[in-house]
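Below is a structure I'd like to ask you about.
Throughout, read-outs are computed from the coordinates displayed, never taken from laboratory work. Note that this is a predicted model, so its numbers are computed, not measured. Ideal geometry is used to build each Cβ from the backbone, glycine not excepted, and the neighbour counts take in all protein chains shown.
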Amino acid sequence: MTTPAALGGGCQCGAVRYRAAGELAYPHLCHCRMCQKAAGNYFMPLAAARRTDFALTRGTPTWFHSSDVVRRGFCGACGTPLFYDVPDADFISIVLGSLDEPNSVKPVMQSNTGRKMIWFQELDGLPIEPDAETSDREDAIAATNHQHPDHDTTHWPSGASS
């Protein structure tokens, strides 16, 4: 388990924010096909927060029932996957990439590896793209960045009320 005092997080646009106090249980990478599709990626990193230690601090997620047992919460404005939820459970699972400090929670397990990409072990051998000669593209992105910062804000977007 991880034991930071509190972890904040939210979606890319800042419309939905949350805070989880206490420990996050079972940080893991899920390779099941539902998680792959929900994440739009090859796996989904998740960890469980006790409901009593969890609070939405801004906005309301949109929910999709991926089965009769599980619903998945995401931002209805920007589409960021945020939660894996079994409504009757005493926990809610947070998508770890949505944390303000995702490096603070290290997965300790993998699940549903029957759907894991068979070529994952080859990733470290891939060539690394060199840094750009100029930063024109990076400068243009930074100058027009609409992504919410990795911390809570009183107002977002700037000038709007929360």
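Tell me, which residue of the range 83-120 that is closer than 20 Å to Arg33 by Cβ and surrounded by fewer than 12 Cβ atoms within 10 Å (Cβ to Cβ) is nearest to the chain's Cα centre (by Cα)? Walk me through it before giving the result.
Step one: of the range 83-120, the residues closer than 20 Å to Arg33 by Cβ are 83-86, 93, 95-97, 107, 109-120.
This time we only want the ones that are surrounded by fewer than 12 Cβ atoms within 10 Å (Cβ to Cβ), so: 109, 114, 118-119.
Numbers: Met109: 17, Gly114: 23, Ile118: 24, Trp119: 24 Å.
Looking at residues that are closer than 20 Å to Arg33 by Cβ and surrounded by fewer than 12 Cβ atoms within 10 Å (Cβ to Cβ), I get Met109.
Can you spot a residue in the range 136-155 that is in a loop (DSSP other than H, G, I, E, B), under 18 Å from Met34 (Cβ atoms) and among the charged types (D, E, K, R)? Give the derivation first.
The first filter runs over the range 136-155 and keeps only residues in a loop (DSSP other than H, G, I, E, B), leaving 144-155.
From what is left, the residues that are under 18 Å from Met34 (Cβ atoms) are none.
The answer is no, given that none of the residues of the range 136-155 is in a loop (DSSP other than H, G, I, E, B), under 18 Å from Met34 (Cβ atoms) and among the charged types (D, E, K, R).
Further question: Quick check on the range 44-60. Is at least one of its residues on the phi > 0 side of the Ramachandran plot and touching a residue at least 40 places away in the same chain (Cβ under 8 Å)?
Initially, the range 44-60 is screened for residues on the phi > 0 side of the Ramachandran plot, giving 59.
So of that shortlist, the ones also touching a residue at least 40 places away in the same chain (Cβ under 8 Å) come out as 59.
Among the residues of the range 44-60, at least one is on the phi > 0 side of the Ramachandran plot and touching a residue at least 40 places away in the same chain (Cβ under 8 Å), which makes the answer yes.
Within the range 39-92, restricting attention to residues that are in contact with a Ser or Thr (Cβ under 6 Å, 6 or more places away or on another chain) and of a type in the set (Gly, Ala, Ser), which residue is farthest from His155 (Cα to Cα)?
If we take residues in the range 39-92 being in contact with a Ser or Thr (Cβ under 6 Å, 6 or more places away or on another chain) and of a type in the set (Gly, Ala, Ser), then Ala48 is farthest from His155 (Cα to Cα).
Another one. Would you call Leu56 surrounded by 14 or more Cβ atoms within 10 Å (Cβ to Cβ), within 27 Å of His146 (Cβ to Cβ) and aliphatic (A, V, I, L, M)? Lay out the reasoning, then the answer.
On the way: surrounded by 14 or more Cβ atoms within 10 Å (Cβ to Cβ): yes; within 27 Å of His146 (Cβ to Cβ): yes; aliphatic (A, V, I, L, M): yes.
Yes: the conditions hold for Leu56.
Please go through the range 82-98 and give me each residue that is closer than 20 Å to His151 by Cβ and out of contact with any Gly (no Cβ under 6 Å at 6 or more places or on another chain), ordered by number.
Ile94, Val95, Leu96, Gly97
Yes/no matrix, rows are residues, columns are (1) closer than 16 Å to Pro102 by Cβ; (2) more than 12 Å from the chain's Cα centre (by Cα); (3) of a type outside the set (Ser, Thr, Tyr); (4) not in a helix (DSSP H, G or I):
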residue: Gly8; (1), (2), (3), (4): yes, no, yes, yes
residue: Gln12; (1), (2), (3), (4): yes, no, yes, yes
residue: Ala15; (1), (2), (3), (4): no, yes, yes, yes
residue: Ala25; (1), (2), (3), (4): no, yes, yes, yes
residue: His28; (1), (2), (3), (4): yes, yes, yes, yes
residue: Ala38; (1), (2), (3), (4): no, no, yes, no
residue: Pro45; (1), (2), (3), (4): yes, no, yes, yes
residue: Ala49; (1), (2), (3), (4): yes, yes, yes, yes
residue: Ala55; (1), (2), (3), (4): no, yes, yes, yes
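Between a first residue in the range 134-149 that is touching a residue at least 40 places away in the same chain (Cβ under 8 Å) and under 21 Å from Ala15 (Cα atoms) and a second residue that is surrounded by 11 or more Cβ atoms within 10 Å (Cβ to Cβ) and among the small types (Gly, Ala, Ser), which pairs have beta carbons less than 6 Å apart while being 6 or more apart in sequence or on different chains?
Short answer, once both residue conditions are applied: His148/Gly14.
Can you name the condition, by its number, that Ala15 falls short on among (1) in contact with a His (Cβ under 9 Å, 6 or more places away or on another chain); (2) under 18 Å from Phe91 (Cβ atoms)?
That leaves (2) as the condition not met.
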